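Peer 1: What follows is a structure written as structure tokens; I'll ask about it next.
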Amino acid sequence: MGKNIAQKLIEAHLVSGDFAPGSEIGLRIDQTLTQDATGTMVMLEFEAMGLPRVRTELSAQYVDHNLLQTDFKNADDHLFLYSACMKFGVWYSRPGNGVSHPVHMERFGIPGKSLLGSDSHTCGAGALGMLAIGAGGLEVALAMAGKPFFVSMPRIWGVRLTGSLPDWVSAKDVILEMLRRHDVDGGVRKIIEYHGPGLQSLSTMDRHVIANMGAELGATTTVFPSDETVLRFLKAQGREGDWVEILPDRDAEYDELDEIDLSRLEPLIACPSSPGNVVPVREVAGRELYQATVGSSANPGLRDFAVAAMIVDGKQVHPRVSFDVNPTSRQILENLISMGYLAKLVRAGARIHQPGCNGCIGMGQAPATGKISLRTVPRNFPGRSGTNDDRVYLCSPETAAASALTGKITDPRSLDVTYPRFEELEAIEINTRMLVAPTLEGTQVELEKGPNIRPLPSFDPLPETLEGPVLLKVGDDISTDEIMPAGTRVLPFRSNIPAISRFVFEPVDPSFYERTVKHGRNICFLLGGKNYGQGSSREHAALAPRYLGVRAVIAKDFARIHFQNLVNFGILPLEFVNPADFDKVSQGDVLELTGVRDALQPGKNIEITNRTRSEAYALRHSLGPRQVEVVRRGSLINVVGQES
Ligand code: MIC
């Protein structure tokens with residue numbers, strides 16, 4: 001039997017384990033990517049390991065999240081990250097240079113290499129034929145130290161593309177179709193591999209759009225072939241020497257199959273407040289909107305801005321609409337200027353922002369109360385935009401631009417204009433002026449830590465008995481944005497755990513923090529529904545609850561990255577053997593787990609007692625031996641600290 005691309009990439013990096021789906025594999029990591037909202041913690045964790053320099057082929061640190069400098073905190077963190085990069089041998093992408101994922105595509109991504117990133121959208125580099133995986137910051141710090149990355153061997157899901165995209169339909173509509181069919185947990189524990197004749201109509205950055213939002217299906221990652229299309233992209237970037245061809249064997253097989261005829265797609269849109277809440281645009285057309293934004297790592301390509309510019313060219317944005325344009329890299333911004341597209345956007349009334357994530361994570365651009373915002377971003381979890389009860393829709397640049405003109409959600413096919421098809425360029429302006437190479441004499445560099453950089457908390461080992469109240473019970477699909485919000489109020493505290501902990505679960509229950517303080521930050525439990533912790537890689541969504549006393553989460557099931565983040569910081573992730581028991585437990589019930597350290601045997605159920613209701617429930621865990629040791633020791637840092 002032939003091999004698919006995912007199998008070839010895994011085989012080339014396998015340091016432990018085998019291909020049995022669900023078994024633990026260890027992967028060698030060639031490159032790492034960190035962004036500033038997760039990177040400050042990563043650099044503190046790497047510093048704690050006591051190594052002088054990184055041991056990867058390449059590590060890059062981007063500043064693309066905490067860009068609004070409303071006081072000293074973000075500015076201090078930028079300087080801390082710069083000093084850490086120079087000290088440890090990491091490339092530094094300066095504030096304003098752009099979003100990590102497109103910049104990494106432009107400058108550093110190499111087909112066939114593995115990339116581990118402290119951002120859930122790292123998987124976008126699968127567009128280059130990379131094995132690119134998002135993970136919690138601590139695992140990225142370990143990869144920077146040359147350690148393998150451990151993950152459960154995923155099932156390989158082959159999605160065959162046929163046909164070609166009709167006018168007004170673009171790459172975003174392809175991934176929205178996947179979300180419409182399979183929802184936000186359809187890809188959990190799977191690698192999605194796209195193949196088939198339909199690939200020919202997708203540029204490398206089109207493929208990035210699709211791979212990026214594979215994260216919204218919960219996929220471990222997404223891979224595309226490294227073919228002539230990728231060679232053309234690398235040539236335009238002046239990096240054709242980095243190209244290698246990676247194709248699936250003709251007789252490659254997959255664990256699961258799906259097929260999309262691109263010719264049959266129409267403009268789609270994800271309605272509030274889930275990326276899986278997808279309908280055709282025509283079904284919600286006519287609703288008044290306040291804002292349309294173009295940009296983010298989920299639509300980062302030059303063509304995404306050029307098409308929007310051509311749609312609004314010679315027209316005016318509706319006076320009620322804020323049309324926010326977030327260029328995704330300085331290089332793309334320079335090409336938009338030199339090709340005349342930026343002027344078209346400015347003349348039409350667009351608000352031009354600095355290259356960065358910006359409104360995608362609530363770093364500015366928050367919509368008005370109760371008003372609709374159309375965005376080409378990857379996520380619309382409740383409150384993520386910075387406005388409570390926000391009404392964010394996810395769509396293509398075509399739909400966003402058309403709607404900005406009319407002031408209503410608009411099917412772009414209804415515009416009375418010829419579709420402005422963008423032809424990819426053979427050569428573009430290359431801009432590397434805000435990328436700083438690591439200096440050679442790094443070890444003499446002093447880390448610059450401002451008052452906002454606080455030491456990591458300590459993590460005690462798992463006690464023999466866990467007894468405490470259920471301080472919060474939540475439902476299905478709870479996102480990391482609801483557990484640990486982002487935005488201008490919270491994101492600057494990412495290097496200060498005591499401060500950021502004050503915001504834990506604020507979007508779903510503003511009184512949660514006070515309950516943990518009243519409980520003396522002692523042992524407590526959380527209860528969650530299915531797909532608990534979907535979304536981001538932010539380890540703070542585990543770190544901060546751990547700091548507040550949470551020692552076990554009992555859920556119907558977990559999102560991959562968050563599950564591992566809970567383990568990494570000594571929080572026990574458990575599931576009800578009988579799902580109906582979830583309904584028997586109420587917030588405030590006191591639960592007790594005795595002999596828990598010994599009970600953590602592979603495949604062995606655990607019994608938990610509800611002291612309040614005098615009931616007992618059977619729980620199970622899916623921890624492997626290595627993960628059990630981490631939870632017993634209280635955190636992965638305690639394990640690594642002993643080894644190094
Ligand atoms: C996101 O898109 O949710 C983020 C903000 O990029 C996160 C990383 C973070 O929380 O810092 C992610 O996707 O991992």
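Peer 1: Name the residues in region 247-270 that are over 17 Å from D167 (Cβ atoms) and either among the acidic types (D, E) or free of Cβ contacts under 8 Å to residues at least 24 places away in the same chain (or both), would you?
Peer 2: Matches in region 247-270: D249, D251, E253, D255, E256, D258, E259.
Peer 1: With the checklist (1) in a loop (DSSP other than H, G, I, E, B); (2) more than 16 Å from the ligand (Cβ to nearest atom); (3) farther than 18 Å from F305 by Cα in hand, flag the one item I428 doesn't pass.
Peer 2: For I428, the failing item is (3).
Peer 1: Of all residues in region 274-301, which are crowded, with 22+ Cβ neighbours inside 10 Å, within 16 Å of the ligand (Cβ to nearest atom) and of a type in the set (S, T, N, Q)?
Peer 2: T293, S296, S297, N299
Peer 1: Out of region 461-502, which residues are within 13 Å of the ligand (Cβ to nearest atom) and either among the aromatic types (F, W, Y) or in contact with a strand residue (DSSP E or B) (Cβ under 6 Å, 6 or more places away or on another chain) (or both)?
Peer 2: Within region 461-502, S479, F493 qualify.
Peer 1: Still on this structure, please answer the following. I'm checking my understanding of the structure. Among residues of region 33-68 that are assigned to a helix (DSSP H, G or I) and within 12 Å of the ligand (Cβ to nearest atom), which one is surrounded by the most Cβ atoms within 10 Å (Cβ to Cβ)?
Peer 2: Filtering first and then ranking leaves G39.
Peer 1: Being under 20 Å from the mean Cα position of the chain (by Cα), farther than 16 Å from I175 by Cβ and not in a loop (DSSP other than H, G, I, E, B) is the filter here, so list the residues in region 375-401 that pass it.
Peer 2: V392
Peer 1: Taking region 546-565 as the search range and keeping residues that are within 15 Å of the ligand (Cβ to nearest atom) and part of a helix (DSSP H, G or I), which one is nearest to the chain's Cα centre (by Cα)?
Peer 2: I561
Peer 1: State which residue pairs qualify: first residue touching a residue at least 24 places away in the same chain (Cβ under 8 Å) and inside region 176-188, second residue part of a loop (DSSP other than H, G, I, E, B) and of a type in the set (A, V, I, L, M, F, W, C) in any location, beta carbons under 7 Å apart, and separation of 6 or more residues or different chains.
Peer 2: E177/L265; V188/A559
Peer 1: Considering region 42-70 alone, what residues qualify as being of a type in the set (S, T, N, Q) and touching a Phe, Trp or Tyr at 6+ places or on another chain (Cβ under 6 Å)?
Peer 2: Scanning region 42-70 gives a single hit, Q61.
Peer 1: On the basis of being assigned to a helix (DSSP H, G or I), of a type in the set (V, I, T), within 29 Å of F80 (Cα to Cα) and free of Cβ contacts under 8 Å to residues at least 60 places away in the same chain, does I500 make the cut?
Peer 2: yes
Peer 1: Of all residues in region 98-123, count the ones that are in contact with a strand residue (DSSP E or B) (Cβ under 7 Å, 6 or more places away or on another chain), within 16 Å of the ligand (Cβ to nearest atom) and of a type outside the set (V, I, T).
Peer 2: The qualifying residues number 12.
Peer 1: Sticking with this structure for a sec: For V517, which of the numbered conditions (1) away from the ligand (no atom under 16 Å from the Cβ); (2) surrounded by 23 or more Cβ atoms within 10 Å (Cβ to Cβ); (3) among the β-branched types (V, I, T); (4) within 23 Å of R494 (Cβ to Cβ) fails to hold?
Peer 2: Result: V517 passes all but (2).
Peer 1: Filter region 402-422 down to residues that are among the hydroxyl-bearing types (S, T, Y) and either under 20 Å from the mean Cα position of the chain (by Cα) or part of a loop (DSSP other than H, G, I, E, B) (or both), then give me how many there are.
Peer 2: So the answer is 3.
Each reported figure results from applying straightforward, stated rules to the coordinates on display, with no laboratory input. In this text the structure is predicted, and so the values were computed from the model without any measurement. Every residue, glycine among them, receives a Cβ derived from its backbone with ideal geometry; neighbour counts consider all protein chains shown.
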